[in-house]
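Attaching a single structure in structure tokens format; questions to follow.
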């Protein structure tokens, strides 16, 4: 996942849910995700894979960021920026969905 993209705006109450109909190959702390619908392969670094696993439909990006601070020893502001950017990229690529009912 690239670091230069702008985050898609996500509401604070959104609870992103990863797609289950993709193939995930774990490689140590990283992962490859193959989307058979688009035939795209996505390589996730350690941080992106952490966020991917947290996209369970119950956890907000803010909660993901709070977990990032504990696991990666980064500030909450930095973790929030990373979580929002990564979740936004997942949404943009169709790997994660946000239920409109979870946003309000």
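Counting only residues that are in contact (Cβ under 8 Å) with a residue 60 or more places away in the chain and surrounded by 20 or more Cβ atoms within 10 Å (Cβ to Cβ), give me the helices (runs of 4 or more DSSP H) lying completely in segment 38-104 with at least 2 of them.
76-92
Sticking with this one: Evaluate the following for residue 33: is it assigned to a strand (DSSP E or B) and buried (at least 19 other Cβ atoms within 10 Å of the Cβ)?
Yes: the conditions hold for residue 33.
If you take the residues of segment 1-29 that are in a strand (DSSP E or B) and either in contact with a strand residue (DSSP E or B) (Cβ under 6 Å, 6 or more places away or on another chain) or modelled with pLDDT under 75 (or both), which of them is nearest to residue 62 (Cα to Cα)?
The first filter runs over segment 1-29 and keeps only residues in a strand (DSSP E or B), leaving 17-18, 23-27.
Narrowing further to those that are either in contact with a strand residue (DSSP E or B) (Cβ under 6 Å, 6 or more places away or on another chain) or modelled with pLDDT under 75 (or both): 17-18, 23-25.
Working: 17: 14, 18: 16, 23: 27, 24: 24, 25: 26 Å.
It comes out as 17.
The values are calculated or read from the model by the stated rules, or taken from the named source; none is laboratory data. These figures come from a predicted structure and were not determined experimentally. Here Cβ is always computed from backbone atoms with ideal geometry, including for glycine, and neighbour counts include all displayed protein chains.
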